[in-house]
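Worksheet for the structure shown next.
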Amino acid sequence: MSELENNLNSEENFEKEENTQNNETDNKQELDNNLGTQEEETKDELSAADKIISKLNKNKESTSQESSDSEPVKEVDVEKESQDKGAHKEAYINKNVEDIKNKYQQLERKELIDAFKELLDKDEEDESIRVHIESIKNFFYKKRNEEYNTARDAFVADGGIEEEFQFEDELEKKFKDVLFIYREKRRQKQEENEKDKEQNYQEKLSVIEDLRNLVNGTESLNETFTLFRNIQQKWNGIGQVPQSRLKSLWETYHHHVQSFYDYVKINKELRDLDLKKNLEIKIQLCGQAEELILVEKVVKAYKDLQALHQRWREVGPVPNENKDEIWERFKDASTKINKRHQDYFESLKDEQLNNLKAKVMICEEAEKLSELELDNPKEWDETSKELIKLQDLWRAIGFAPKKDNNRIYNRFRKACDVFFNKKRDFFAQHRQHQNKNLEDKTEFCLQAEALMDSTDWKKTTEILIGLQKKWKQIGPVPRKYSDEVWHRFRAACNSFFKHKEDHYKDIEKEQFDNLKLKEDLIIRLEALIGKEVEHEALMAEIKNIQNEWSKIGFVPRENKNDILQKYKKLLDKFYEKLDIDDGKRSSLSFKSRLEEYSSHPRGKDKLRQEREKVASKIQKLRGDISVWENNIGFFAQSKSAESMIQSIQQKIEGAKENVISLMKQLKEIDDLRRN
């Protein structure tokens, strides 16, 4: 079911109710016609009774003789069965509706289904259980909607997209299965009723034929009258007939009843008794009609009045002196009920006009929302909530006038359809973007997983941080893959950084150990300063300390400069003590550095950097030499430039010596790199 259909699913039921109400209004004229026909039928029957009495007086002697030869006429209550007819149905339907609602309101949906099934198993008239089934259906879907809204709101609160929400409801499927069985039984019952009505019609035609044949019978009066009463009972015991044949059937029946009265020449006392009983029944019908005037539900009162008129039609004539009075009483009650019914629908028309105005305003708001151009899911969700609120308002408003109701409903539905179609298209395109984002993020996962075991800590760290930044720039992926792809990427990154963290923890411990070793060497150097040791022995000891120093790895960064400065200062003191010139000192320092690089974890990189520095110095000195030599050529043309030439010449010689020294250093570096 679409979102619009789910929110407007009661509209059709409202339209059916309105059509029923309008049909009831159309039936008002038919009721007035029935009242007039009933009055004429009563007069005809009384006229027939007068004729019978007149004939009885003329044939009194022959009738007395015939009666003396037969059994006494027995009074038969021909109305009893019709009075009792439908008693069970009326008692069932008239149960307290509030009690029924309270009964089913307390039940859960599964219990409501069980109660529904129990009702289907009862052998009762369809109308007698309809109130129960309607209550069950209303409470079932009310509870189902509550569960649906709760699940949907929870899904959206968790970050879900409302359009993707799905609600699997096995109980609703079971309920629809039971509802289908009920409707099938009801349909079959209706078909059976129509067949029964046709069968009843044929049976009543047979009864009329039997009634007509009484005129030609040869039985005694008592026997004939007994047969007549049996025919009446049989007639009253037959159920409903098709509405289209009802009037002609009753006219034929009353015609033959009148013929029978003429034929049997019933005596006045028996006739008076029959009229008296008919009067009592019609007095009861008048009382029931007057009670309906006070019934709060106007439509129900009108329907019940139709049943009373049907009963009135079935009752025979009353005494002539009472016929106008009893008829006017019944007609007066009927008129008041009809007036209430008419006024009710007049007020309903005014209400429907107001409803139309309200629905036009709702349509205008819905059309504004359908014209919006939205570009992100949040805006669509917020606007959807606004439209759903309009749908709730629509359902809360009653019907518009019949001629406008379908038109205004179609206008509102069109606006809703336009909005939700646009929303569906947006999210379809949005899902395409999400799928593309999923492909990109999956590729990032593969790259991160390929670097999980890398030990190139710096380069890999830069790559992973770059991937993480790009990850944040990519939009969302489909919700069902969101957690999975994120956990995959995060696990790969965390694995590398955990290895890196463990590695640097080991390095940190090693660096502190190295710091302690170098501090011990400094202590040894400080101890040598105060000793009187021969030059050769002192140089050998210093060389040993330098070798040990170079073999020791890194120290913590925050201690590196301090420990190195202490070490250099102590070496400078020894060089001064040993009277070593700057060149020799520089050479010793250079060799010390090379030895340190050879044992360093990143020694190759250090040697490469050192070679680049030496090569750069050589290149610069050669450039200077070239410039100076070129300048000497200019100075040679001047007699006063001799001192200047001599100074530049000294610079050139010094630079060449430095180049030679640096070339030796370059060779030492290359030899060490090859080894």
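Here's the yes/no breakdown for (1) in contact with a Cys (Cβ under 9 Å, 6 or more places away or on another chain); (2) at pLDDT 90 or above; (3) surrounded by 14 or more Cβ atoms within 10 Å (Cβ to Cβ); (4) basic (Lys, Arg):
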| residue | (1), (2), (3), (4) |
| --- | --- |
| 275 | no, no, yes, no |
| 323 | no, no, yes, yes |
| 328 | no, yes, no, no |
| 340 | no, no, yes, yes |
| 348 | no, no, yes, no |
| 365 | no, yes, yes, no |
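Criterion applied to 566, 543 was being under 28 Å from residue 504 (Cβ atoms) and at pLDDT 70 or above, and the one residue passing it is 566. The number of residues in the stretch 357-388 being assigned to a helix (DSSP H, G or I), charged (D, E, K, R) and within 22 Å of residue 430 (Cα to Cα) comes to 6.
The set of residues from the stretch 413-464 being touching a residue at least 24 places away in the same chain (Cβ under 8 Å) and outside any helix (DSSP H, G or I) comprises 451, 452, 453, 454, 455. Pairs meeting the criteria (first residue in the stretch 130-143 and in contact (Cβ under 8 Å) with a residue 12 or more places away in the chain, second residue not in a helix (DSSP H, G or I), beta carbons under 6 Å, at least 6 apart or on different chains) are lacking.
Would you confirm whether any residue within the stretch 330-342 is in contact with a helix residue (DSSP H, G or I) (Cβ under 7 Å, 6 or more places away or on another chain), under 30 Å from residue 204 (Cβ atoms) and of a type in the set (S, T, N, Q)? Within the stretch 330-342, one or more residues are in contact with a helix residue (DSSP H, G or I) (Cβ under 7 Å, 6 or more places away or on another chain), under 30 Å from residue 204 (Cβ atoms) and of a type in the set (S, T, N, Q). So, of the residues in the stretch 587-628 that are surrounded by fewer than 16 Cβ atoms within 10 Å (Cβ to Cβ), among the acidic types (Asp, Glu) and within 22 Å of residue 668 (Cα to Cα), which turns out to be modelled with the highest pLDDT? Among them, the one singled out is 612. Within the stretch 286-297, if we keep just the residues that are buried (at least 19 other Cβ atoms within 10 Å of the Cβ) and in contact with a Leu (Cβ under 7 Å, 6 or more places away or on another chain), the residue that is farthest from residue 257 (Cα to Cα) turns out to be 292.
Quick one: is residue 198 in contact (Cβ under 8 Å) with a residue 12 or more places away in the chain and in contact with a Pro (Cβ under 8 Å, 6 or more places away or on another chain)? Criteria met by residue 198.
All of 387, 446, 353, 369 fail the test of being hydrophobic (A, V, I, L, M, F, W, C), within 30 Å of residue 483 (Cβ to Cβ) and surrounded by 11 or more Cβ atoms within 10 Å (Cβ to Cβ), apart from 446.
Of 217, 159, which residue is on the phi < 0 side of the Ramachandran plot, of a type outside the set (D, E, K, R) and at pLDDT below 85? Break it down stepwise before answering.
Working: 159 fails: on the phi < 0 side of the Ramachandran plot.
The unique qualifying residue is 217.
From the residues in the stretch 298-321 that are within 60 Å of the chain's Cα centre (by Cα) and of a type in the set (Gly, Ala, Ser), which one is surrounded by the fewest Cβ atoms within 10 Å (Cβ to Cβ)? Looking at residues that are within 60 Å of the chain's Cα centre (by Cα) and of a type in the set (Gly, Ala, Ser), I get 307. Being without any contact (Cβ under 8 Å) to a residue 60 or more places away in the chain, under 16 Å from residue 400 (Cβ atoms) and over 25 Å from the mean Cα position of the chain (by Cα), is that true of even one residue in the stretch 362-378? So far as the stretch 362-378 goes, yes, one or more of its residues are without any contact (Cβ under 8 Å) to a residue 60 or more places away in the chain, under 16 Å from residue 400 (Cβ atoms) and over 25 Å from the mean Cα position of the chain (by Cα). Residue check: residue 438 meets all listed conditions (1) surrounded by 17 or more Cβ atoms within 10 Å (Cβ to Cβ); (2) aliphatic (A, V, I, L, M); (3) over 23 Å from residue 156 (Cα atoms) but one, namely (3). Residue 584 meets the stated requirement of being modelled with pLDDT under 70, under 14 Å from residue 665 (Cβ atoms) and not aromatic (Phe, Trp, Tyr). Which of the residues belonging to the stretch 413-452 are under 23 Å from the mean Cα position of the chain (by Cα) and of a type in the set (A, V, I, L, M)? Hits for the stretch 413-452 are 415, 418, 428.
The values are calculated or read from the model by the stated rules, or taken from the named source; none is laboratory data. Every value quoted in this text rests on a predicted model; they were computed, and no experiment measured them. With ideal geometry, Cβ positions are generated from the backbone for all residues, glycine too; neighbour counts draw on all protein chains shown.
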